[in-house]
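The values are calculated or read from the model by the stated rules, or taken from the named source; none is laboratory data. Here the structure is a predicted model, which is why all the values come from computation and not from measurement. Quick reminder, even Gly has a Cβ in these numbers, built from the backbone with ideal geometry, and neighbours come from all protein chains shown.
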Amino acid sequence: MKKLVLVVISLLVLAVAGLAFADKDAKGLFAAKAGDEIYVCNCGESCKCGTMANNEGECTCGKPMVKTTVTKVEKGKVYYKLDGKELAAPQQGKFMCGCGEGCNCGFVSQKEGKCSCGKDMVKVK
């Protein structure tokens, strides 16, 4: 009986630890699916900031973000079309909005700066 209790407790501890690590992986991940309307940096193919958000604003390189539609999400990238060209940005940001819990701006970028709600971005750990 004691062995069974120990096994059950061990499984519960592993499950809780797994959930904690799964939540950490989600930080800085831009949640998108095909058909979603999003805002992205419009600097063109050479831009490496990879800024994406749910709200309009300025990207981290200072240019106004533009509204577009997600065409697909595949292999860790969010694809969208601008000026007739399909572009992509990493779904996992190196930086994310620092506005905290309950924030819906979804602002992620590969470079630091301010997010669309005006808060400083924080490095994703």
### Message
For the stretch 49-61, check the following and say yes or no: at least one residue is among the β-branched types (Val, Ile, Thr), modelled with pLDDT of 90 or more and under 20 Å from GLY113 (Cβ atoms).
### Response
yes
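Quick test for you: out of CYS43, CYS99, CYS103, pick the one residue that is surrounded by 12 or more Cβ atoms within 10 Å (Cβ to Cβ), at pLDDT 80 or above and within 20 Å of VAL122 (Cα to Cα).
Working: CYS43 fails: within 20 Å of VAL122 (Cα to Cα); CYS103 fails: at pLDDT 80 or above.
The unique qualifying residue is CYS99.
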#### Entry: the stretch 45-103, residues that are without any contact (Cβ under 8 Å) to a residue 24 or more places away in the chain and under 16 Å from LYS27 (Cα atoms)
GLY76, LYS77, CYS99, GLY100, GLU101, GLY102, CYS103
